[in-house]
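The values are calculated or read from the model by the stated rules, or taken from the named source; none is laboratory data. Please read all numbers here as calculations on a predicted model, not as lab measurements. Every residue, glycine among them, receives a Cβ derived from its backbone with ideal geometry; neighbour counts consider all protein chains shown.
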Amino acid sequence: MSLIATEALTKTYGGRVTALSDLTVDVEPGVIGLVGANGAGKSTFIKILLGLLAPTSGTARVFDIDPANEPDKVRNRVGYMPEHDCLPPDVSAAEFVTHLGRISGLPRSAARERASEALRHVGLYEERYRQIGGYSTGMKQRVKLAQALVHDPDLLLLDEPTNGLDPAGRDAMLALIHRIGTEFGISVVVCSHLLGEVERICDSLIAIEGGRLLRADRISAMTEVSDVLAVEVAEGVDELAGALGRLDMKVTRDGRLLLVELTADDAYDRILRAVADLDLPLHRLDLRRHRVAELFTPREMADV
Amino acid sequence: MSEASVIHDIGYQRYDGPRLGRGAVLRAIYGHGLRAAFGLGRSAKSKIFPWLVFGITILVGVILAAVRAYAGVVPLNYVQYADAMSWLVILFVAVVAPELVSRDMRSGVLPLYFSRPLRAADYLGAKWVALVTAVWLLLGVPQFIMFLGAAFTTKTGMSGVWNELGDLAPAWAYTLIWAVVFASISLLVASMTGKRAFAAGGIVAVFLVTTPIFGVLMSLPSRTAQELSGLASPMMLISGVGTWLFKAGNTGLPVGRFGPVYAIEVVTLVAACLLLLLARYRKVASL
């Protein structure tokens, strides 16, 4: 069963600003990255999935339920972590998360228990009785994540969870999200404008730009397409390119680098032999996987 | 298996216990709101003001009960007591209403509420009932103290106690009207801004600005104008309804035959406030 399926989903604000246009995706459970620049329509997409906004046209289904018609059914099974600051400063994290657990329908004692558990899972066990106002940005992000987890959802919608974190904090947050997706058995949609960080933890990726779908696929499918060897020599770049071309290898020039498509197993040896035959000083020979980032490089650039 | 050999699983546990319905969620917000109104579960600083006001109203109630017990005179009856405390009630709602709604707006908590199975009407309803309860307790508890004082010192035995109870019950109903009107107006004003100080100022201003209008109308020579003057100010409006409904209360505002007009205005005022609140939150809830 698909986790999220949309069909020609379109959202325009006031008939003029188009936030999403003709978006059709079908993703399976797992950790899903939702990537796009600021203003690409990521938050709008999430709000439609929560039933907070009604689509202008098209349909969205979460767990095969239409959030526009039955928002409560969807929201019961979804945890949402908003992008912006959403924590009152003058209560303790334990009390706040307990309260939100009760709003999600947990009985009082279960809410208290699960709030402690959720805070422990995000790494805030010791500090949970302190007032949130005194927390660092990293701790606040963890409280936001804990409140999304407290009612044991089947899907987490995280809007820019690494916002405002330092590099170490980012890594910790991403590791935590990865753990939730793999060990806890909860599907996660992670919104981010930083492709590099979500690509590490996601099973599949939805890339949108200006409200349009760029690509939606499994990460493995995106990166498996032919690997490339980068060859750097100090001189004689043209000669080497010619020599490799005669060996039926696809060579493209990228400044002082030669990018050679790795089609056969002995490509390393043949390149090394060609370099040795020409007696060129070899600086570098390394393997480059196709990065998901190439999705975002404009086509003209790739052609050069 | 021996006790020592148990390995505790500290991994993530799914929750398969009961999930409660709408009523329980409403009660949770109501309880949270009522506690917040008196600063319970909050810092010591936020307890100061509500308890100061509550302390004063109780103190006045105790003094009135004592005066009646020892001197045998009744300076203020139950209904008059509620009117006399009006400014304290205004101060109380000016602080508590923003605490209930502006605070959630300011800190951005609302998206967390409304991304859960909760409607704007549920949220508002629970907050409104919480504030009504808080205001009612503010006046109702001292009234009960006055009743206890009178009941224990009555010289006519059980029938005296029954008489007192007959006076207390309508006064409690009158206090409820106070609570409903004040809660509705102050929540509406507070929902306009996330800044608590502005909200508090706005609430006091609404009650303050309307009082001179009442004063001007009252000073007109026309008897009809005088009898209708109470409609201009929320406080006098309530007094007017009190005069009409509870003759024995003796609120001191002449309403003549316009009593029902006062009642109708109370109902429409409360309904209008609640509808405006709902309209406001429809917008907020969709973020």
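If you go through the stretch A:267-297, how many residues are among the small types (Gly, Ala, Ser) and either at pLDDT below 70 or within 38 Å of the chain's Cα centre (by Cα) (or both)?
We begin by selecting, within the stretch A:267-297, every residue among the small types (Gly, Ala, Ser); these are A:267, A:274, A:276, A:293.
Retained after the next criterion (residues that are either at pLDDT below 70 or within 38 Å of the chain's Cα centre (by Cα) (or both)): A:267, A:293.
So the count comes out to 2.
Inside the stretch A:162-177, residues that are part of a helix (DSSP H, G or I) and surrounded by fewer than 17 Cβ atoms within 10 Å (Cβ to Cβ) make up a count of 4. Scanning the stretch A:135-161 for residues that are free of Cβ contacts under 8 Å to residues at least 60 places away in the same chain, surrounded by fewer than 22 Cβ atoms within 10 Å (Cβ to Cβ) and out of contact with any Gly (no Cβ under 8 Å at 6 or more places or on another chain) yields A:135, A:136, A:139, A:140. Just one of the listed residues (A:58, A:15) is over 20 Å from the mean Cα position of the chain (by Cα), in a loop (DSSP other than H, G, I, E, B) and more than 14 Å from every other protein chain (Cβ to nearest Cβ), and it is A:15.
When the criteria are applied in full, residue B:23 fails the requirement of being under 30 Å from residue A:105 (Cβ atoms), free of Cβ contacts under 8 Å to residues at least 24 places away in the same chain and outside any helix (DSSP H, G or I). Within the stretch A:185-212, the set of residues being among the polar types (S, T, N, Q) and within 9 Å of the chain's Cα centre (by Cα) comprises A:192, A:204. Here residue A:231 fulfils each of the conditions (1) more than 30 Å from residue A:283 (Cα to Cα); (2) of a type in the set (Val, Ile, Thr); (3) more than 14 Å from chain B (Cβ to nearest Cβ) apart from (1). Residues in the stretch A:28-59 that are closer than 17 Å to residue A:204 by Cβ, at pLDDT 90 or above and among the aliphatic types (A, V, I, L, M): A:31, A:32, A:34, A:46, A:49. When the stretch B:157-193 is filtered for residues that are of a type in the set (Ser, Thr, Tyr) and within 30 Å of residue B:280 (Cα to Cα), the ones remaining, listed by number, are B:174, B:175, B:184, B:186, B:191, B:193. Among the conditions (1) more than 27 Å from the chain's Cα centre (by Cα); (2) under 15 Å from residue A:139 (Cα atoms); (3) more than 9 Å from every other protein chain (Cβ to nearest Cβ), residue A:109 misses just one, which is (2). Just so you know, in the stretch A:73-88 the residues that are in contact (Cβ under 8 Å) with a residue 24 or more places away in the chain and more than 7 Å from chain B (Cβ to nearest Cβ) include one that is farthest from residue A:183 (Cα to Cα), and it is A:83. Residues in the stretch A:147-162 that are more than 19 Å from the chain's Cα centre (by Cα) and either among the polar types (S, T, N, Q) or within 19 Å of residue A:90 (Cβ to Cβ) (or both): A:147 alone. With respect to the conditions (1) within 14 Å of chain B (Cβ to nearest Cβ); (2) in contact with a strand residue (DSSP E or B) (Cβ under 6 Å, 6 or more places away or on another chain); (3) acidic (Asp, Glu), residue A:203 lacks only one, and its number is (1).
Select from the stretch B:75-85 the residues that are free of Cβ contacts under 8 Å to residues at least 40 places away in the same chain and surrounded by 14 or more Cβ atoms within 10 Å (Cβ to Cβ) and list them in ascending order. Within the stretch B:75-85, B:76, B:84 qualify.
Considering only residues that are modelled with pLDDT of 90 or more and touching a helix residue (DSSP H, G or I) at 6+ places or on another chain (Cβ under 7 Å), which ones fall in the stretch A:68-85? Passing the criteria: A:79, A:80, A:81, A:82. Evaluated against (1) surrounded by fewer than 17 Cβ atoms within 10 Å (Cβ to Cβ); (2) in contact with a strand residue (DSSP E or B) (Cβ under 8 Å, 6 or more places away or on another chain); (3) more than 30 Å from residue A:135 (Cβ to Cβ); (4) not small (Gly, Ala, Ser), residue A:72 falls short on exactly one condition, (2).
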